[in-house]
Each structure stands twice: as structure tokens, then as C-alpha cells.
Amino acid sequence: MVASVPFDLQAHDTYFVVAHFHYVLVGGVVFPVFAALFYWFPKATGRCLSERLGRWFFWLFFIGFNLTFLPQHQLGLLGMRRRVYTYESEPWMHLLNLVSSLGQVLMIAGMLVLMAAVGLAYRSRPSAPDDPWQGRSLEWAVASPPPQHNFTTLPVISGREPASDDPDLAARLDAAPPSLLRGKPEGRLPRETMTVHPLDATPDAPALMPQNSLMPLVAAACVAGIFVAFLFRLYPLALISAAAAAGVLLIWAWRAAGESGQSAPGTTLDTAGSAGRPAHLHVTWGGLLTIALVGTFWLDAAFAHLYLAYASDGWPHTGASVPDGILTGIGAVLLVIAAVVALMAWHRAGSATGSRLSVLLASAIALTAISIGLTIWASLTAVPDPAASGYAAALWGLTGITAAIAAAGAASAAFALARSTRREGPWTNPLLLRFVALWTAFAAIAGVLAWAIVQAGPGLLP
């Protein structure tokens, strides 16, 4: 609407914009939120909100909302500016502002009715049936309120409306065995989720999920600290926040690996369409998708380097030199060897002893660390200041992201090595080693290509 220039000249920065914004926001978001509150309140609490008070709330809020903001369209067209505490002394403006204020009173009254409905519901005994609305989605197949574990037996879903497609679903879930996992862990009921094939969504295997933890919240706060530090140009604080976020995530992953895990490798569910297929393809697909995402950042850095090399009159720029090709080449070769070693560790996870796998993982970590050190040293020797020129920025951008990728692979290998002393080490469940092998192979490819781009420069382009 305001994209039309003639109309925007009249309506810009007036109460028309205020009214239009609230009609979109309240009509498109707030009213559906209130509908969801009434719909799912029985499921969350086991109590139903009063239908009579719900009707009073709706009409008070609906009428009040329209009385509040509908006149503001006309006020804006009459020229009343927003963010100004007064307005022209015109009869129509007085009347329309009075109507808008009265509408706000009705909205407040509606909210008070809603608060009363919620308070009365909590004072009453739980009386809501498990499915008061004859709902068609999966949450209505369990009790209201649901138990902490949701489903004692994980359901297999084949349609968009499972509760209506299978009216006996709730009864069958109640009568089914306690868990789909073979060899249910002792103690509290495990928190499970169903994993499915990444292509056709057929059931693959149940997975144990970690228990509640504050670690993700702490990590999110650390990540927020990174952006706040960049906003105020406090770069040392940004590095500290990044290190803290990485440390918190590692601690969380360590604890989660100790209390949860996947079902045994190769286990499949006795479900049509999944028999005989290796489980946990989602680990491979998840790793590949993560590699594709990080790879886009690497491609950005590589493209920047090639573009500047092709567009510049002289490359590298005056006063700069290309890093030593032998040192960086050795670094690239070491990344390839590390990837081969990690691949060997993954393939031997089911047969090799723990000490042998530990040696392989430690070797991959050491090779990657030496490679990163050689590459960084050669780059520092050639271009010590990343801000000296466009060539320096492009070189360090490509070198930095390549080194970060390799360091991430070494960190995942170190995590697997640390877990090797535990009963749930990678040789009893090689999923972590599979990811390490995928990532180190990605790092090797990125390292070799980065070496070729830096050494050849414009020679790679026609």
C-alpha cells in the first residue's frame, strides 16, 4: 500500500501507518495466539476455559480493537501525525480520537475477562477430557495434561492427521510395550525421539535424547556477547565470548553423550520399509548438509581471492609476497593424510582395539595441528598485516576460514578421543567417527584447493 508513491506522500508518518500496522499485527498474530490459548489450554493444564467468558472476551476485544484502530485510518488521511502528543483542533479529530480511546478501554476490559477466565480455570479441578475438540493432530492421542515423556511408545505416523486417520491410535499406544528401544535402559523412562530416513521419512530407529540442561541457554548468552562486543568494537571481548560459547557447548556435548546416545549401530525398527537398511543415515546427511553450509563461506573467501587476483593490475600487490609454496603444500598434504587416518579409524571402529583407534585419532589431530601451524607461519612470514592491502585481506580471509575448518575437524577428533575412555566410546557406536571422517575429508579438500588458489592466483582463471 505505502509502496505507491502518491499514496505514501499522503499517509507517510501519519496515524494511518499506525492503524495499518496494528491491523496486520493484531489481526494476523495476536488473535491467532488467543485462539491457540483457548485451544491448547486443556492439553497443557487439564482444565477448560469458560466458554461464556471466552465469548465475552472475544467480543470485547474484537469490538474494542476495531474501535481503537479503524478511526485512526481516517485520522491519518486527515493529516494527524504520529509521535506527536497533540493534534489540530478540528471537530472530527476530537470525535475520532475519543472513539479510539473508548475502544482501548474495551480492549482492556476484554483482557481482564481473559485473566479472570484463566484464574477461575486454575481454581477449579482438572476436568478437561483428553481430547475435548476431537482434534486431528498427534498431541490429542495422549492424556491431558500429557506426561513428561509424552509418549510411552513412540508412534509411527503415516499421514498429516494421525488422530483422525486412526481413531484407535490412543488406545493402541496405551496397550503397546513401554518403549521401542531394544534393551530399555534402567532407571527413569528414557527421553526418545523417532529418527527417520532423510529422503522418504520412513521410520529408521528411536534415538535417546539428552535430559534438561541450562548449557544451551548459557551458550546462547555467550553468542549474544559476541555480537554485542562487535557492536561496540570490543574485539578481545568477542574472542573471549566465542571461546566461552565453544567451551560451554563442548561441556554440554560431553554431558549429553554420557547420559544419552543412539541405539546400537545397524539396528532398525520392525516397520515396513525400513528392514535391512542401515540406521542413522541422518548422521551422514546432517554432516553433509553442515559441510555444504560451511562450504558456502569458504567459497565466498575463495571467490573474493580469485576476483581480486583477476581484477588487479598486479598480484600480489606491491610489498606483499605469496606464502612459501613448499610449506603450505606440506600443510595441504598433511590434511589429506589426516583425512585418510580418520577414515581408517571410522572403518576400523567395529574391529580395532581401543588403543589402536586412540592412536589413529591422536595422529589425525597431530597432523592437522602441524598443517595449521605451517600454513599460518607461512602466511605470517609473507603478509604479517591482514589490513595492509586487498591481497592481504583476501589471503588471510581464505587462509583463516580454511584453518578454522581444519581446527573444527581436529576438535571433533579430540572429542572422540576423549570419549574413547568411556564405555560409550566411538568403537561401540561409530557415529561420531563417521562425522570426524566426513569433516576431515572436507578440510583436506578445502586445504588443497586453498593452496592451489593462493599459489596459482590469476593463473587459475582464463
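One table, with the values for the structure above:
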quantity	calculated
Residue check for residue 158: surrounded by fewer than 16 Cβ atoms within 10 Å (Cβ to Cβ), polar (S, T, N, Q) and either in contact with a strand residue (DSSP E or B) (Cβ under 6 Å, 6 or more places away or on another chain) or more than 18 Å from residue 42 (Cβ to Cβ) (or both)	yes
Hits in the stretch 324-361 (condition: in contact (Cβ under 8 Å) with a residue 24 or more places away in the chain, closer than 18 Å to residue 415 by Cβ and buried (at least 16 other Cβ atoms within 10 Å of the Cβ))	338, 339, 341, 342, 343, 345, 346, 349, 357, 358, 361
Options 168, 200, 270: the member that is surrounded by fewer than 13 Cβ atoms within 10 Å (Cβ to Cβ), more than 22 Å from residue 419 (Cβ to Cβ) and modelled with pLDDT of 70 or more	168
Residue check, residue 8 on the phi > 0 side of the Ramachandran plot and of a type in the set (D, E, K, R)	no
All positions within the stretch 46-92 that are within 17 Å of residue 113 (Cβ to Cβ), of a type in the set (A, V, I, L, M) and touching a residue at least 40 places away in the same chain (Cβ under 8 Å)	49, 53, 60, 63
Subset of the stretch 61-96 that is aromatic (Phe, Trp, Tyr) and surrounded by fewer than 21 Cβ atoms within 10 Å (Cβ to Cβ) - its residue that is modelled with the highest pLDDT	62
Pairs where the first residue, in the stretch 122-145, is of a type in the set (Lys, Arg) and the second is part of a loop (DSSP other than H, G, I, E, B), C-beta under 7 Å, 6+ apart	136/161
Check on residue 89, out of contact with any helix residue (DSSP H, G or I) (no Cβ under 9 Å at 6 or more places or on another chain) and either among the aromatic types (Phe, Trp, Tyr) or assigned to a loop (DSSP other than H, G, I, E, B) (or both)	yes
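Table: residues versus (1) exposed (fewer than 13 other Cβ atoms within 10 Å of the Cβ); (2) more than 17 Å from residue 73 (Cβ to Cβ); (3) in contact with a strand residue (DSSP E or B) (Cβ under 6 Å, 6 or more places away or on another chain).
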residue: 5; (1), (2), (3): yes, yes, no
residue: 9; (1), (2), (3): yes, no, no
residue: 15; (1), (2), (3): no, no, no
residue: 20; (1), (2), (3): no, no, no
residue: 26; (1), (2), (3): no, no, no
residue: 31; (1), (2), (3): no, yes, no
residue: 34; (1), (2), (3): no, yes, no
residue: 37; (1), (2), (3): no, yes, no
residue: 42; (1), (2), (3): no, yes, no
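The values are calculated or read from the model by the stated rules, or taken from the named source; none is laboratory data. All values derive from a computational prediction rather than experimental measurement. Because the Cβ atoms are built from the backbone with ideal geometry, glycine has one as well, and the counts that use them run over all protein chains shown.
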